Amino acid sequence: MTPIEPPSFEPLVNIAQAGFSGSVLPFLSVGILLFCSAFISGSEAAFFSLSPQDKEDLRNDDSRTSQTVLQLLARPKGLLATILVVNNFVNVGIVILSSSIVDSFFVDVHGHDLFRFLIEIVAITLLLLLIGEVIPKIYATKNAKKFSQMAAIPVKVMSQLPPFSWIKSFLVNGSNIISKRAKRKGIKISSGELEAALALTKEDNTSEEEHKILEGIVKFGNTDVRQIMKPRMDVIAIDETFNFIQVMEVILESGYSRIPVYENSFDYVKGILFIKDLLPNLNKDENFKWNELIRKPFFVPENKKIDDLLKEFQEKKVHMAVVVDEYGGSSGIITLEDVLEEIVGDITDEFDDVEVIYTKIDEHTYLFEGRTSLVDFYKVTDIDSKEFENTKGDAETLGGFIVEQAGKILKNNEFIICDNIKLVVESSDKKRIKMVKAILTPKTNDEINN
């Protein structure tokens, strides 16, 4: 066997002798540039790590450096562009000078290309990362206020110094053009994609209430007014021919703060009576002309999206709207509270009567009133509403859905089946369905996959 010879360090010695025989100026230049790189990188971290309290302290400080920091932060795009441009110039200078120094080491040395490559790529990169980026940014982040005050004047001078100022202006203007085009183009994301993203991002530490609020926000823009309105059969309203005593009886019995006023029938709503407007007149007799206090009603169509309605509520500063159908008749009313409940869930106060609108018989069987809205039915049973929504037609209540599907008012014990849910009529008369039993049949794996 051939004996293994120990490695020879003679080439490294020759490299060192060749390098140190040159001028010390390149080494000094690299050191200065490394200091500049560290200073600029630290400035970036310091300026953009200032806490609200730090900024408040700077506002209360009348020194030139503190005011300069605030001036620079007032134009964050220009500040960031200046820092990045200067830092890149400095780093490029370090790389060029370092390469020339390494080349001077290897002038009279051959056969060590791998070693030369490692020095030029690995060593210089590590030097730039540690001294020029990581260490100064860690220090500047922990001492953001002090470092930003120290860097304020130099950075301001660099932002006004050509060619840095020219390149900075070009970058800022270019980013503004891109931002304007992006705003015009917009990002189109369907509600289905948002729901899928919400399902994927659901975390174990997110409560069920928080997740329901997020789901409400996602579905908010796709909900029509007629889906959440109070139908006219459930609306408490006042005939304009009532005397003041009758009006007070209705108010005390209902407990509402706003009540619609109609002429002849609810199809002709004349206005909204605000109970607070009656407070100065509580001692008046029955001949008091209370209808002079009613306010102009706000009408909205059934198919209006509730996100648009919320904006109109805010703009017009109203809390109630009368919902009208395609023929101009009144379908019901909708309030600001109804809209907000679609996001945050039911809102109740000490004056609300919490009605039990359903009874849970067992895990798969529920008993509902026929007037229960389909939206409430979906929430209680926690079912997929797609099949119901695709076939419901104009129906908005559970009883109306059964009539829509059957084509008639079903009698007691008659039923329909929709999406594995059996809806049995428990009570009905000639006019409407009063009580409905919903029996949920779990889907098989094949049905779920299809």
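Shape call for the range 225-344 from the C-alpha gyration tensor, a ≥ b ≥ c root eigenvalues: rounded (a/c under 1.5), prolate (a/b greater than b/c) or oblate?
prolate
If R0 is 25 Å, what FRET efficiency do you get for Glu341 and Glu253 from their C-beta distance, rounded to 0.05? Walk me through the intermediate numbers first.
On the way: r = 24 Å, r/R0 = 0.95.
After rounding, the FRET efficiency stands at 0.60.
Taking a spot 7 Å from the Cα of Leu367 along the direction of its beta carbon, which residues of the range 407-433 have an amide N less than 11 Å from it?
Within reach of a label on Leu367, which here means backbone N under 11 Å from a point 7 Å along Cα→Cβ, the range 407-433 contributes 426-427.
Please sort by residue number the GluC sites (Glu not before Pro) in the range 359-418 whose DSSP state is loop and whose Cβ has at most 15 other Cβ atoms within 10 Å.
Hits after loop and neighbour filter: Glu363, Glu414.
Note down the net charge around Ile96, summing +1 for each Lys or Arg and -1 for each Asp or Glu among other residues with Cβ under 15 Å from its Cβ.
Value of the local net charge: -2.
Once you have the Cα-Cα distance between Ser265 and Ser99, take 0.36 nm times their residue separation minus that, and quote the gain in nm to one decimal. All intermediate terms of the calculation are to be shown ahead of the outcome.
On the way: separation 166, 0.36 × 166 = 59.76 nm, distance 9.11 nm.
Extra length from Ser265 to Ser99 when fully extended: 50.6 nm.
What full-extension length gain, to one decimal in nm, is calculated for Ile32 and Lys386 as 0.36 nm per residue of separation minus the Cα-Cα distance?
120.7 nm
With charges set only on the Cβ (+1 for Lys and Arg, -1 for Asp and Glu), what does the dipole of the range 295-424 come to about its Cα centre, in debye to the nearest 20?
For the range 295-424, the charge dipole is close to 500 debye.
Calculated FRET efficiency, Phe170 and Leu126, Cβ-Cβ r, R0 45 Å, to nearest 0.05?
0.90
Take the Cβ-Cβ distance between Glu56 and Lys316 as r, set R0 to 22 Å, and report the resulting FRET efficiency rounded to the nearest 0.05.
Given R0 = 22 Å and the Cβ-Cβ separation, E is 0.05.
Would you kindly state how much longer the chain becomes between Lys289 and Met233 on full extension, computed as 0.36 nm times their sequence separation minus their alpha carbon distance, in nm to one decimal?
Additional length available on full extension: 17.4 nm.
Just so you know, all these numbers are worked out from the coordinates, no wet-lab data involved. All values derive from a computational prediction rather than experimental measurement. Ideal geometry is used to build each Cβ from the backbone, glycine not excepted, and the neighbour counts take in all protein chains shown.
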